[in-house]
Structures are given as structure tokens and as C-alpha cells.
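Here the structure comes first, spelled out in C-alpha cells, and everything after it is commentary.
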Amino acid sequence: MIGLGYVGLPLARLFSTKFRTIGFDVDKRRVDALMNCEDSTKEVDKQQLEDAIANHGFRCTTEEKDISDCNFYIVAVPTPIDENNRPDLKPLQEASRVVGRVIGKNDIVVYESTVYPGMTEEECIPIVEKVSGLKYNVDFFAGYSPERINPGDKNHTVETIKKVTSGSTSEIADIVDGIYNQVLINGTHKAPSIKVAEASKIIENTQRDVNIAFFNELAKICNAMGIDTHDVIDAASTKWNFVKLNPGLVGGHCISVDPYYLIQKAQVYGVMPRVMYDARKLNDGMGDYVANQVVKCMNKKGVLVKDASILILGFTFKENCPDIRNTKVADIFHTLTEYTSNITVCDPHADADKVRSIYGISLNKVIPSAKYDAVVLAVAHDEFKNISVINLKKNPSSVVYDVKGVWNREEVDGRL
């Protein structure tokens, strides 16, 4: 398993129950922590790691020589975007070079990283061929099985989800499908080609991005009209075929990133995917919108915004999860800093050192005892759901804004 993050580690742990499995990652601190049975992503608990290492021989390494005798390689590395929202292929390219240096005759490499249709065979396999000196579909083979990890979700775990599989030949497709089926409870769906499997993954996240964008736009309309968005959604959802979603911040490494891969590839073929592009633009701007709504509420209640004390509850991109990748709470923070530097951010799940390093923001793990001119519930961690809102307010005119719509509506001044 090449890449031991949110995707690679759970899958490697699962495969170790049936096969001799080695995890490879370039981050030595990550490898050392895993061999000490500590997973900072919280996707695999200590007991599971202890069992995998002690009873199934699972181990992790940063040394390529330790994986040179494997015959089935799975690549699960990040596929981020750059500052211009264009695909950044460097992690995938480097992982392909690693594969090229260790792959042997008749070996199989399966990619799990989310990519646009065609990337596996157009971008990754040529690197493996060049580095290894082996011929694709003659000396080695490939497959694609898109990851379906939902960070923080303890119900839809990797062993219970249905996986899409594919292979570079019909025979290899059967082999890949058979290997995955040995560890999955709910089986697989074998796609007719690698391209189809790649496309199936990227439209999963793009569809959700577009749907959430609709509800975020609805929230903007309802807020402008003075109508409660959640009341509207609750009423509409009484119809049998209404698809109920809620407005919110769209961050993380999937929904806020993957559509750009499809958008970029579509343009290569002369198609401008306007719905996808507009959805991305709208969702990317929701952090700034929330911050401006907070300022609007403060102005309406006569709370001086300049140098106001503001508490932001939550920083991760979703509830009950330590993942801070592409969190839109950072946008809320930075927009509010245009008015005040007296902002406190609290999140019991996020790593304070990583937040400071990546975003330049100081983070509290617990809620300070101070009181505030404005309180923003940005992430619905369980720890925040039942706290006493009134105890956080400096005075009765202090503003409370609930991004997630989980607090008593009588106690909040605004929500999406």
C-alpha cells in the first residue's frame, strides 16, 4: 500500500487480515507513529493496529526495498489542486516512480486516488513503464478501484462499502475484483474499463458538490427574503421524491477538490461544464458569505464590529473528524480579521500545530472561559451541540450565528 493516509491505512489494515501486507509512506513520522499503533487520522483505532501488527504481520516502512518483493501494489496518495485550481499531479507522479522502481514481471498496480477519466493510463502507467523498463499489459498490469473513504464515518467503513473495481484486461479485472472481494463484506461492482471506474468516482463527488451548491444558493435567497432556510427544506422534503440536503461549508479533500479534475479534463475535449464550474465557485465562497452574514447580524444588533471579540467553534472541514484539509472555516476567520484581530478559534479534534503550520491560525482545544461579542458555530462537533450558548455571550445583544443549524433557533441570530 503506497500512501498511508485517510484512504491507504484503513485499506492496508483490512487487506492485512487476508494477505501479507506492507504499508509504504515517505513520511517517517507517520510510519513511526503507526508502528507505535497511533493513527492521527483516527480512522484506525489502536486495537485494530495492534491486532494487524501482532497477529497479521502488518508493518509500515519508508524503505522501497521493503516492498520490492510484493506483487500487488495499491496507490492511495493525495490528488490536490494548485493555487489556480488546476490538478497537482506531483504526489501521483512520484508514487508512480516508486512503483516503477519496485514492480516486477506479472505484477499488478491498482490506483485508488481520485483522478479524471484517462489519467491512470495516460499519466501514471507511462511513468511506471519508463522507470521499470517493463511493458504495460505485457510485463505488468494495472487496475483502478476508486477510494470511498468518508473521514470520521464509523458506519460506512472500508470493509462495509461496495467498491468499484476494474482492470487493464478482462483477466486482470477478474483478478483485481477477486482480491478486493476477499476483504469486502458487501462486494464489488466490476466496471467495464479503467476509464469508466475513474469517471464513476469523480462524478460521485461532483454530483454532491452541485447539489450542495443549490442548497447554498437557496440559503442566500431565503436569508435575503427573511425566510428560515431549514423551514423551507423541511416543508419541501415532505414530497416523496425531494432530495433533502442542507446548506453548509464544502471543504475537505474530495468534494471541494475533485470536480476541478473533471472540469479541467472536460475543457481539453472542448466542453465547458458551466454547472460544475458555477457550483464550485459558489461553494468556494461560502466561508466569506458566512463571515459577512455575521457582520450583518452584529450591525443590526448594534454590536461594534471593529475590535469585537469573536469565538469560532470548530475548524475541521466536518464534524467529529480531525481532517483540516481545505477547511472553509479558515475563510470565515480571514474575512473577520478585516474587522478585528480578537478572534478565538476552538476545536477539540484538530491538531493545533498543523493548523498553525498550514493556516497560520492559533487554535484552542477547549473553549476559554471568556465571553464574546459574537459566537459562530462553524462545525457541529458533538462537544458543541449541547453547550449553553448564553454563557458564551458578553451581553444580551451579543450575536450567535449557527452555520450548521443545530442549536435552538430561539437562541441564535442567524443561520444558513
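Residues are listed down the side, and each one gets a yes or a no for (1) in contact with a strand residue (DSSP E or B) (Cβ under 9 Å, 6 or more places away or on another chain); (2) closer than 22 Å to residue 153 by Cα; (3) charged (D, E, K, R):
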| residue | (1), (2), (3) |
| --- | --- |
| 5 | no, yes, no |
| 16 | yes, yes, no |
| 36 | no, no, no |
| 40 | no, yes, no |
| 65 | no, no, yes |
TODO: Give the number of residues within region 354-396 that are open to solvent by less than 90 Å² (accessible area, probe 1.4 Å), of a type in the set (S, T, N, Q) and modelled with pLDDT of 95 or more.
DONE: 2
Open item on the list: Conditions first: (1) open to solvent by 80 Å² or more (accessible area, probe 1.4 Å); (2) in a loop (DSSP other than H, G, I, E, B); (3) touching a residue at least 40 places away in the same chain (Cβ under 8 Å). Residue 241 passes all but one, so which condition is the exception?
Closed with: (3)
Task: Some residue of region 141-152 being touching a residue at least 40 places away in the same chain (Cβ under 8 Å), among the hydrophobic types (A, V, I, L, M, F, W, C) and open to solvent by less than 10 Å² (accessible area, probe 1.4 Å) - done: yes
Task: So residue 246, is it outside any loop (DSSP other than H, G, I, E, B), closer than 30 Å to residue 116 by Cα and touching a residue at least 60 places away in the same chain (Cβ under 8 Å) - done: no
Task: Residues of region 117-134 classified as crowded, with 19+ Cβ neighbours inside 10 Å, in contact with a strand residue (DSSP E or B) (Cβ under 7 Å, 6 or more places away or on another chain) and in a loop (DSSP other than H, G, I, E, B), total - done: 0
- [ ] Output the residue which, of all residues in region 397-409 that are without any contact (Cβ under 8 Å) to a residue 40 or more places away in the chain, hydrophobic (A, V, I, L, M, F, W, C) and open to solvent by less than 50 Å² (accessible area, probe 1.4 Å), is nearest to residue 333 (Cα to Cα).
- [x] 400
TODO: Tell me which of these residue 94 doesn't satisfy, since it passes every other one: (1) open to solvent by 10 Å² or more (accessible area, probe 1.4 Å); (2) of a type outside the set (Lys, Arg); (3) closer than 23 Å to residue 15 by Cα; (4) assigned to a helix (DSSP H, G or I).
DONE: (3)
Open item on the list: Condition check: among the hydrophobic types (A, V, I, L, M, F, W, C) and in a loop (DSSP other than H, G, I, E, B). Does residue 149 satisfy that?
Closed with: yes
TODO: Considering only region 369-410, state which residues are closer than 15 Å to residue 298 by Cα and among the charged types (D, E, K, R).
DONE: 373, 393, 394, 402
- [ ] Would you check if residue 174 is among the acidic types (Asp, Glu), more than 23 Å from the chain's Cα centre (by Cα) and under 30 Å from residue 48 (Cα atoms)?
- [x] yes
- [ ] Restricting attention to region 229-238, report how many residues are of a type outside the set (A, V, I, L, M) and in contact with a helix residue (DSSP H, G or I) (Cβ under 7 Å, 6 or more places away or on another chain).
- [x] 1
Open item on the list: Of everything in region 158-190, what is within 25 Å of residue 256 (Cβ to Cβ) and either surrounded by 23 or more Cβ atoms within 10 Å (Cβ to Cβ) or in contact with a helix residue (DSSP H, G or I) (Cβ under 9 Å, 6 or more places away or on another chain) (or both)? Give them in sequence order.
Closed with: 158, 163, 164
- [ ] Check whether at least one residue in region 274-288 is of a type in the set (Asp, Glu) and more than 29 Å from residue 375 (Cβ to Cβ), and report yes or no.
- [x] yes
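The values are calculated or read from the model by the stated rules, or taken from the named source; none is laboratory data. Since we're looking at a predicted model, the values are computed, not measured. Counting neighbours? That spans all protein chains shown, and the Cβs are built from the backbone with ideal geometry, glycine included. Keep in mind that these areas ignore ligands, DNA and RNA; they rest on the heavy atoms of the full protein, side chains included. Shrake-Rupley method; radii C 1.70, N 1.55, O 1.52, S 1.80 Å.
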